[in-house]
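Engineer: Before we start, here is the structure in question, set down as structure tokens.
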Amino acid sequence: MSRLNQVVIGLLLITVGYVLGASQSFQSTTLLAQQKSGTPTEETEDKIKGAVKQMLESQLALEEENFMTTATKGLNSFAVSCGGVNAMEDLESGNGVDPETFAALYADLAKPDVATHLGRDDQGRITYKNKIVRMYPVSRLKKMFATRIKYTGETLEEESSF
């Protein structure tokens, strides 16, 4: 095969490849498994609203009985389902906070008296009185989930281990 034929065949293959790529002939369809369209049914929304109302009532009861002190605005469903936490004490100690308090602090939902002591370090992490706010250690989270199982009556089968 002559040198000219090799160059022509090479250019032809490049052109065919370009045309196929530009036309997206072999591109797979985008999977949207995580995206849901619409909203839950009215019946499901009513169940959610009822559950939230009961959680708010439970949170108030835990606060009245001194089993719970929040550092953020609104419902802390994780803490309620685990029998309460003292988020203020947790912040002061610097030993970590529950996951929902942690998330709420990053979402700018701190109560005003807490917000005055919040800041960020050079890496963008939330600080409380210049101490980095961390989530509870795994050992404490496991204890909280065990307590939650007591209240929910769930039986959690171990599906995987880390």
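Engineer: Starting from the residue with the highest accessible area, list 102, 78, 145, 67 in decreasing order, probe 1.4 Å.
Structural biologist: Sorted by accessible area, descending: 67, 145, 102, 78.
Engineer: For labels at residue 39 and residue 139 in the simple 7 Å Cα→Cβ model, what's the distance in nm?
Structural biologist: So the two model labels end up 4.6 nm from each other.
Engineer: Please name which of 124, 15, 152 has its Cα lying farthest along the dipole of the chain towards the positive end, using unit charges on Cβ (Lys, Arg +1; Asp, Glu -1) and the Cα centre as origin.
Structural biologist: 15
Engineer: Where the centre of each part is set by its Cα atoms, how far does the stretch 129-157 sit from the stretch 43-77, in angstrom?
Structural biologist: 17 Å
Engineer: Compute the FRET efficiency between residue 152 and residue 23 as 1/(1 + (r/R0)^6), taking r as their Cβ-Cβ distance and R0 = 41 Å, and round to the nearest 0.05.
Structural biologist: With R0 = 41 Å, the Cβ-Cβ based efficiency is 0.15.
Engineer: In nanometres, what is the gap between the two model label sites at residue 131 and residue 2, each 7 Å from Cα along Cα-to-Cβ?
Structural biologist: Rounded to a tenth, the inter-label distance reads 8.4 nm.
Engineer: 7 Å from Cα along Cα→Cβ at both residue 61 and residue 103: what's the point-to-point distance in nm?
Structural biologist: With each label point 7 Å from Cα toward Cβ, the separation is 2.4 nm.
Engineer: Sticking with this structure for a sec: Based on DSSP H assignment, which helices of the chain show an axial Cα extent of at least 20 Å together with a mean Kyte-Doolittle hydropathy greater than or equal to -0.5?
Structural biologist: The answer, listed by residue number, is 3-23, 138-152.
Engineer: Taking all protein chains as present, what is the carbon and sulfur share of the accessible area of the chain, in % to the nearest whole number, probe 1.4 Å?
Structural biologist: Carbon and sulfur together cover 56 percent of it.
Engineer: Here's something else I'd like to know. What is the magnitude of the charge dipole of the chain about its Cα centre, with +1 placed on the Cβ of each Lys and Arg, -1 on the Cβ of each Asp and Glu, and no other charges, expressed in debye to the nearest 20?
Structural biologist: 780 debye
Engineer: Return one whole number: the accessible area per residue of the chain in Å², for a 1.4 Å probe.
Structural biologist: Normalised by residue count, the accessible surface of the chain is 76 Å².
Engineer: Picking from 133, 76, 104, whose Cα lies most toward the positive end of the charge dipole for the chain (charges on Cβ: Lys, Arg +1; Asp, Glu -1)?
Structural biologist: 133
Engineer: Rounded to whole Hz and in sequence order, give me ³J(HN,Hα) for the stretch 75-82 from the Karplus expression 6.51 cos²θ - 1.76 cosθ + 1.60, θ = phi - 60°, writing x for Gly and Pro.
Structural biologist: Ordered by residue, 3J(HN,Hα) equals 6, 10, 5, 5, 5, 4, 5, 9 Hz.
Engineer: For the chain, what is the percent of antiparallel DSSP beta bridges, rounded to the nearest 5?
Structural biologist: 75 percent
The values are calculated or read from the model by the stated rules, or taken from the named source; none is laboratory data. The model shown is predicted, which means the values in this text are computed figures rather than measured ones. For neighbour counting, all protein chains shown are included, and Cβ atoms are generated from backbone atoms with ideal geometry for every residue, glycine included. All accessible areas refer to the heavy atoms of the entire protein, side chains included, with ligands and DNA or RNA removed. Shrake-Rupley method; radii C 1.70, N 1.55, O 1.52, S 1.80 Å.
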